[in-house]
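The structure appears right after this line, and notes come after that.
The values are calculated or read from the model by the stated rules, or taken from the named source; none is laboratory data. Nothing here was measured: the structure is a model prediction, and the numbers come from that model. FYI the Cβ positions are ideal-geometry reconstructions off the backbone, even for glycines, and counts take in every protein chain you see. Areas reflect the complete protein model, heavy atoms only, side chains present, ligands, DNA and RNA absent. Shrake-Rupley method; radii C 1.70, N 1.55, O 1.52, S 1.80 Å.
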Amino acid sequence: MKLLQALADGSVVAKRNLIKIKRVPDLLVFSTAAPIMFVLLFAYVFGGSIEIPGMDYREFLMAGIFAQTVLFGATITGSGLAEDMTKGIIDRFRSLPMARSAVLVGRTTSDLVNNALVVVIMMITGLIVGWRIHSSPLEALAGVAILLLFAYAFSWAMAWIGLLVRSPEVFNNASFIFIFPITYIANTFVQSEKLPSVLRHIAEWNPVSAVTLAARELFGNTSPLQAPPDAWPLQHPVLASLGWVVIFLLVFVPLANYQYKRAVAR
Amino acid sequence: MTDAIVAEGLVKRYGSVVALNGLNLKVPEGTITGLLGPNGAGKTTAVRVFTTLLDADEGAARVAGLDVRKQAGELRKSIGLSGQYAAVDDNLTGFENLDMVGRLYHLGRARSRERARELLARFDLEDAADRPVKGYSGGMRRRLDLAGALVAKPSVLFLDEPTTGLDPRSRLGMWDVIEELVKGGTTVLLTTQYLEEADRLADQIAVIDRGKVIAEGTSDQLKEQVGGERLELSVATNAELGISRTALADLAVGAMESDERQHHLTVPVAGGSSVLMEAIRRLDAESVKVLDVGLRRPTLDDVFLTLTGHHAEDEDEK
């Protein structure tokens, strides 16, 4: 009964956030504009100089673009919460007899829906520039699921940071410091084997690399001509991705909840 | 009569800043109490403790008979909070905002909608009900925020500076709404830095300064504490201000206050119009050109000045 009530409260909050996507469509336009420009930049400008054995660079690129896009999409969780905090909306929620988890559950859920929408738009973009799925529909679906699961878990980390810094402007700068290396010191745009040694180790153990490779494999965007990776997470990318999802949730769900209970607008 | 709000020795520190410094307060059921103090006096912190948003470091508080710490979950069902910033969602319509709050109070789908429409009508927001709040005026937002606090018909209502930042007309409108509300028997704790507001709305006033209640009573009782009337005098030059000060010194029953920028002198006096006559005679004898002179009853600002040694609205005082 209590759980049902909590879920109902969470869905009320999620609905509120989703109305924003509908009323402010620019948000969706601009959150997809940057990744679309990345696709064009890498497909037509840098792509010609990046050699991927056994396949066209665009096929290699798209999984990295998806991972990058959902990571940036997950930051909305943090900036949204920080904004609600400065506007006093969190204060109001906290004075209501609603489930304590509802604001965070609702927020992360609506951001997941937003991310799913963005992934669809990016997949269409990919198809237009020549990316193809070479696996079964079920595997492709699993690839999308892993991307979204990871984004969901990542949302909780962003929620924690957003509640911690309490201001949307500070959050945008703070999250960038975190997002930038995790997105680019990885196999998202280049093969991690080509990186210099220290960066290469970081890239191989970077959660984003596991997720990108998992998506790449599940979409069938790999080639037998590529050297087999020698790091464990890249040998078992699906398992490693799921492991990271569990770790992120175990760490950041309690941290975000703890921070929410103490959150007070300033 | 029982007390709807009881606070005993509340202390809240932020590092070396003491926001609440042993706050004691009693608010009788069905009354409207004004918590009056300057910025940074601890008003908002006190409201946050009462509304379960913040834990006090020391002391205890009960609201509607429930302990704010131990029975927080239960308490949230019977309180309403309207904060300093109108906590409404810009992207939702007025109706959607209230409907959401109703759902989160667990009124159920049908009842939430009905209540939202009811409140929109009552707060004169019917025409704007289905427009996003983004296009509302400041006064409309505040009314909507207040409506949000009333969704569940709370027995205790907290209004944290409900009119700060509103233009005079919207402020009068808010006052009417709040007065209307208390007729229904709701207990209200209202924080304000406007003396006029506390004077007009509150049955009793608690003056708060540096995290402590320093005086309590009705507006009249507080004014009595300061005693007598004030003689107000305006002259043309500072030289004349000095002469007036000396001439009127022995008529004063308390500390005189002179404002050299406005060439203005305030003298606490006792004895009514005969004192005024005497003052004018003396000023005339000294050939002081009087621009304006008169007697007035003490305001809450005088109360504040007498109690704390500084004006209520001096923000740079600290």
Log10 I(q)/I(0) at q = 0.16 Å⁻¹ for the stretch A:2-262, from Debye over equal alpha-carbon scatterers, is -1.18
antiparallel share of DSSP beta bridges within the stretch B:3-222, to nearest 5, in %, is 55 percent
Relative to the compact-globule estimate 2.2 N^0.38 Å (N residues), the Cα gyration radius of the stretch A:61-130 stands at a ratio of 1.43
Output field shielding_mean for A:20-28 (other chain Cβ, 10 Å radius) holds 2
Among B:PRO268, B:VAL235, B:MET256, the residue whose Cα sits farthest towards the positive end of the charge dipole of the stretch B:228-297, when +1 is placed on the Cβ of each Lys and Arg and -1 on the Cβ of each Asp and Glu, is B:PRO268
Of all DSSP beta bridges with both partners in the protein assembly as shown, the antiparallel percent, nearest 5, is 65 percent
With label points set 7 Å from each Cα along the Cα-to-Cβ direction at A:PHE178 and A:LEU40, the distance between them in nm comes to 3.1 nm
Largest-first ranking of B:ARG142, A:ARG94, B:ARG200, B:ARG169 by accessible area, probe 1.4 Å, whole protein assembly kept, is B:ARG169, B:ARG200, B:ARG142, A:ARG94
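Find the Cα radius of gyration of chain B, compare it with 2.2 N^0.38 Å by division, and give the number to two decimals.
Rg over 2.2 N^0.38 Å, computed on Cα atoms: 1.18.
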So the B/A interface buries, both sides summed and with a 1.4 Å probe, an accessible area in Å² (nearest 100) of 2600 Å²
For the stretch B:261-267, Karplus-derived ³J(HN,Hα) couplings (6.51, -1.76, 1.60; θ = phi - 60°; whole Hz; x for glycine and proline) come out as 6, 9, 6, 10, 10, 10, 10
Per 10 angstrom bin, beginning at 0 and ending with the bin that holds the maximum distance, the Cα pairs of the stretch B:228-297 fall in percents of 22, 63, 15
Under the helix-only model (-39500 (n - 2.57) for each DSSP H run of 4 or more, divided by the residues of the protein assembly as shown), the mean residue ellipticity at 222 nm, to 500 deg cm²/dmol, is -17500 deg cm²/dmol
Taking Cα atoms only, Rg over Rh for the stretch B:8-61 with Rh from the Kirkwood formula is 0.96
XL table A:LYS20/B:LYS183; B:LYS26/B:LYS183; B:LYS43/B:LYS70; B:LYS43/B:LYS77; Cα-Cα > 28 Å flagged, in table order, is A:LYS20/B:LYS183
Residue separation between B:ALA270 and B:VAL11 times 0.36 nm, minus their alpha-carbon distance, gives in nm 89.3 nm
Measure of exposure for B:THR308: accessible area at 1.4 Å probe, Å² rounded to 10, is 30 Å²
With x for Gly and Pro, the residue-by-residue ³J(HN,Hα) of the stretch A:150-163, computed from phi through the Karplus equation 6.51 cos²θ - 1.76 cosθ + 1.60 at θ = phi - 60° and given in whole Hz, is 5, 4, 4, 4, 5, 3, 5, 5, 5, 4, 4, 5, x, 6
Long-range share for the protein assembly as shown, i.e. C-alpha pairs more than 43 Å apart as a percent of all pairs, stands at 39 percent
Cα-based Rg/(2.2 N^0.38 Å) for the stretch A:134-266, rounded to two decimals, is 1.18
For chain B, dividing by residue count, accessible area per residue (probe 1.4 Å) in Å² works out to 45 Å²
Here the stretch A:84-95 yields Karplus 3J(HN,Hα) values (6.51, -1.76, 1.60; θ = phi - 60°; whole Hz; Gly and Pro given as x) of 4, 5, 5, 7, x, 6, 5, 4, 4, 4, 6, 8
